[in-house]
Amino acid sequence: MQALYREWRILETKGHRPVKENLGVLGVLGGQLASAIPTLCSRSAPIATLAQSGPLMYIPLPLLRHSSVYSRESELAQKSEFSIEGLREYNRSSAARWIISHCFEHKVYFFVGLVGFALTYIAFSGARVMFGRGAEIIIAGGGAEAVIGVSLAVLILSVSDGLFSLMGSMAMVILSTRVERDSRHELYASLLGKSQTFHDQQRVGDIMARATDDVRQLNFVIHPGIMFMFDMVLGFAVPMIYIATINLELLLAPILFVIAYVIVVRRYMRRLEPVMMQQRMQYGTLSARLEETISGIEIVKVAAQEIEERKKFRRNAWKFRDYFVQQGKIEAAYLPLLMFGVAFGFFFLHCLNMYGRGILSIGDIVAVTGLMQVLSFPVFISLFSISMIQLGLAGARRILELIEQSADIDENLDGHSADVIGRIEFENVTFKFHGMTVLEDVSFAVEPGQTVAIVGQTGSGKSTLTQLVSRTYDVDAGRVLIDGVDVRDWNLDRLRSQMGKIEQDIFLFSRSVAENISFGVQGATQEEIENAAREAQAHDFILSFNEGYDSEIGERGVTLSGGQRQRLALARAFLRQPRILILDDSTSAIDSATEDEIQKAMRRAQEGRTTILITHRVSQIRWADQIIVLENGRAIARGSHDELLLTSDHYRRIFARYGAVDTLVGHMAAGGGA
């Protein structure tokens with residue numbers, strides 16, 4: 001199988017991929033499932049690659065699913081950039097099965113709850129039977145001992161009813177809380193494993209709504225949702241069994257009622273389900289709009305758009321409210337309550353008819369009418385339980401929609417895991433984003449320890465190029481090699497752990513200064529953190545805070561200036577000691593005096609490390625071993641700073657604002673002529 005994989009990779013690098021974009025690859029050797037070849041993308045109809053005694057063949061994967069060699073274990077594992085060893089796999093074939101599989105993870109509480117409610121209805125219905133026996137004793141003029149005996153039996157059954165109900169409720173509360181916890185953990189782990197492409201397409205507010213409120217609905221599905229469903233099933237079954245023990249003929253009205261009830265409830269659920277789903281979707285839209293407005297509150301205020309944003313939020317809130325109104329209208333037309341009243345009337349008439357025929361006694365009538373009345377509670381609570389379950393199922397579908405979306409990149413746990421030396425090579429790399437070509441046929445090589453500067457106009461693909469090195473995205477054609485190994489063949493965690501990146505848009509967590517600097521470096525000492533801060537010229541301003549390195553930073557570092565945020569990011573990179581350092585306009589918000597000091601630290605940090613530098617500052621570019629000029633996604637020039645000033649018109653235009661350019665070019669030309 002390894003030979004097959006190598007052949008596939010060779011064909012791919014030569015531009016002869018067995019499968020194109022959006023096709024899956026599955027290796028089957030000798031008629032039996034062997035191992036999965038990395039999937040390029042799994043959003044469209046996948047193709048299975050079979051290695052038989054002859055050449056490679058292609059068959060549709062849906063057909064393979066129905067073959068004898070296919071099993072659930074043989075499916076391609078869902079791609080993920082992150083996985084947790086030993087994480088439980090749940091049945092995701094439907095929302096209901098997913099919830100049930102979570103419940104069965106804690107089956108003890110599930111069955112304790114089921115047994116508890118079963119015993120509750122047995123005791124509760126038994127007490128109704130004893131009421132009938134007591135009525136017979138009183139009518140027959142029985143003695144005090146018989147009446148006391150029946151009373152004690154009713155007392156014991158009633159107390160047992162309460163205790164069993166408490167046991168079942170406690171079990172269901174624990175179960176619902178654990179299912180909520182496990183499902184939230186599963187969703188969070190899934191989100192961590194999604195690729196950058198996935199997150200680029202999501203609205204943060206909607207994800208937050210799914211991770212909080214939709215997950216919370218799962219709790220209500222179980223308690224009181226499933227608990228009420230137990231009540232419904234047992235509330236029908238147990239009283240009818242007791243009625244059957246008194247006289248089978250009495251089951252006529254209850255059975256007809258249950259049949260009609262099931263038919264009406266199914267129609268009710270079909271009407272309610274789409275409304276509940278739209279309600280959850282609108283809640284996600286409402287949350288996304290709120291998150292966007294709060295995140296961009298500075299822009300909103302500068303543009304004086306508070307009133308307009310309020311109108312937009314109000315429109316979304318009214319849409320959310322409208323779905324609740326639709327839900328209320330459907331629930332108001334809930335017929336089973338009326339149907340039960342009619343069924344109870346016919347049941348009582350039937351009892352009187354049987355009494356007139358001498359089949360039933362007064363005591364029997366008291367008992368069976370009490371048992372029939374037990375059915376009223378599950379009919380009543382079904383109005384609420386069905387709504388809760390439908391709401392929870394809608395939330396579960398939204399959660400599964402996120403979890404089931406495939407990632408474009410796999411962590412490749414069995415991939416190359418050596419120490420990075422630092423050689424980077426691009427071989428005819430082409431990359432497209434949403435169908436638009438961002439990089440086209442880019443080739444260059446950087447030796448270990450060298451610094452390469454990437455320059456070009458805005459939108460030329462500079463930042464995208466660095467994201468291909470860290471495998472934030474995968475190339476569409478060609479290869480990106482680290483130490484001669486395709487980045488797709490590296491263990492993703494091992495590769496990224498040896499890289500450091502500082503971007504212009506610095507992200508800091510709402511944690512202490514020390515925690516932000518040591519992020520990604522487990523067990524860093526305070527001395528190491530402070531040394532990294534000194535290297536980044538951040539130590540002095542950190543000590544000016546009231547709590548120094550323990551000072552809490554606001555969300556995204558809003559309490560700091562742009563220069564302070566960038567210096568903390570530099571300190572974070574210095575502490576990690578990466579083999580490959582990526583600096584994406586990392587000193588844009590730093591004043592000239594501070595920049596001079598940081599440049600010295602950065603040059604020390606670059607020693608022995610491969611560095612990719614994106615900047616337009618000549619003071620930084622001139623130190624690069626080589627400079628690559630990008631235009632419209634293509635590498636149009638390459639060389640040193642002095643060489644490009646002489647040979648590249650595009651490079652000279654980029655730095656035309658520096659008055660020394662013409663003088664420098666003239667001087668170099670004169671020197672060359674001599």
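Using θ = phi - 60° and the Karplus form 6.51 cos²θ - 1.76 cosθ + 1.60, what ³J(HN,Hα) does each residue of the stretch 430-437 get, whole Hz, x for Gly and Pro?
10, 9, 10, 10, 6, x, 9, 6
Which whole-Hz ³J(HN,Hα) couplings does the stretch 463-471 yield from phi under the Karplus relation 6.51 cos²θ - 1.76 cosθ + 1.60, θ = phi - 60°, glycine and proline marked x?
Here the 3J(HN,Hα) series is 5, 4, 4, 5, 5, 6, 5, 7, 6 Hz.
Taking 0.36 nm per residue of separation and subtracting the Cα-Cα distance, what length does fully extending Lys319 through Ala140 add?
Difference between extended and current length: 57.9 nm.
With a 1.4 Å probe and all protein chains left in place, how much of the accessible area of the stretch 196-238 comes from carbon and sulfur atoms, in whole percent?
C and S fraction of accessible area: 66 percent.
List, in order, the whole-Hz ³J(HN,Hα) value for each residue of the stretch 280-292 obtained from phi through the Karplus relation with A = 6.51, B = -1.76, C = 1.60 and θ = phi - 60°; use x for Gly and Pro.
Values per residue, Gly and Pro as x: 5, 5, 5, 5, x, 5, 4, 5, 5, 5, 4, 5, 5 Hz.
Starting from the Cα gyration tensor of the stretch 361-478, take the square roots of the eigenvalues, sort them a ≥ b ≥ c, and report rounded, prolate or oblate (rounded when a/c is under 1.5, otherwise prolate if a/b is larger than b/c, else oblate).
In terms of gyration-tensor shape, prolate.
Using the heavy atoms of the protein chains alone and a 1.4 angstrom probe, what is the accessible area of the stretch 235-349 per residue in square angstrom?
61 Å²
Let me check something: with ligands and nucleic acids excluded, how do Met172, Met436 order by accessible area (1.4 Å probe), largest to smallest?
Largest accessible area first, the list is Met436, Met172.
Multiply the residue gap between Glu308 and Leu163 by 0.36 nm, knock off their C-alpha separation, and tell me the result in nm, one decimal place. All intermediate terms of the calculation are to be shown ahead of the outcome.
Details: separation 145, 0.36 × 145 = 52.20 nm, distance 5.66 nm.
46.5 nm is the gain from fully extending Glu308 to Leu163.
State the percentage of accessible surface on the stretch 444-539 attributable to carbon and sulfur atoms; use a 1.4 Å probe and exclude ligands, DNA and RNA. It would help to have the intermediate numbers written out before the result.
On the way: 1550 of 3700 Å².
For the stretch 444-539, the apolar C and S fraction of the accessible surface comes to 42 percent.
From a point 7 Å beyond the Cα of Arg634 in the direction of its Cβ, which residues of the stretch 476-498 have a backbone N at a distance under 11 Å?
The answer is none.
Once you place label points 7 Å from the Cα toward the Cβ at Glu404 and Gln577, how far apart are they in nm?
In this crude label model, Glu404 to Gln577 measures out at 4.7 nm.
Under 5 Å between amide H atoms, partner at least 5 residues away or on a different chain: which partners does Arg423 have, H built in plane at 1.01 Å?
Correct list: Asp483.
For the stretch 389-440, with all protein chains present and a 1.4 Å probe, just round the carbon and sulfur fraction of the accessible area to a whole percent.
49 percent
What residues qualify as long-range amide H neighbours of Glu631, i.e. H under 5 Å apart, gap of 5 or more or another chain, H built at 1.01 Å from N?
Ile636
Show Ser387, Ser295, Ser169 ordered by accessible area, largest first, where the area counts protein heavy atoms only and the probe is 1.4 Å.
Correct descending sequence by accessible area is Ser295, Ser169, Ser387.
Rounded to the nearest 10 Å², what accessible area does Ser165 have for a 1.4 Å probe in the complete protein model?
40 Å²
Would you kindly state how much longer the chain becomes between His434 and Ile299 on full extension, computed as 0.36 nm times their sequence separation minus their alpha carbon distance, in nm to one decimal? Walk me through the intermediate numbers first.
Numbers: separation 135, 0.36 × 135 = 48.60 nm, distance 2.75 nm.
In short, 45.9 nm is gained.
Accessible area per residue, 1.4 Å probe, Å², for the stretch 414-474: what's the number? Before the final figure, lay out the partial values.
Details: 2520 Å² over 61 residues.
Here the residues of the stretch 414-474 average 41 Å² of exposed surface.
If I model a spin label at Arg216 and Leu335 as a point 7 Å from the Cα along the Cα→Cβ vector, what separation in nanometres do I get?
3.6 nm
Return the long-range amide H neighbours of Thr610 (sequence gap of 5 or more, or a different chain), with a cut-off of under 5 Å between placed amide H atoms.
Placed amide hydrogens put Gly449, Leu581 under 5 Å from Thr610.
Rounded, prolate or oblate: which fits the stretch 237-319, taking a ≥ b ≥ c as square roots of the Cα gyration tensor eigenvalues, rounded meaning a/c under 1.5, else prolate when a/b beats b/c?
prolate
In Å², what does the accessible area per residue of the stretch 536-579 work out to with a 1.4 Å probe? Intermediate results must be reported in sequence, preceding the final value.
Details: 2140 Å² over 44 residues.
I get 49 Å² per residue for the stretch 536-579.
Express the relative contact order of the stretch 94-169 as a whole percentage, based on alpha carbon pairs under 8 Å and six or more residues apart in sequence.
Once divided by the residue count of the stretch 94-169, the mean separation gives 46 percent.
The values are calculated or read from the model by the stated rules, or taken from the named source; none is laboratory data. None of these values were measured; they are calculated from a predicted model. All Cβ positions, even for glycine, are placed from backbone atoms using ideal geometry, and neighbour counts span all protein chains on display. The area values use the complete protein model at the heavy-atom level, side chains included, leaving out ligands, DNA and RNA. Shrake-Rupley method; radii C 1.70, N 1.55, O 1.52, S 1.80 Å.
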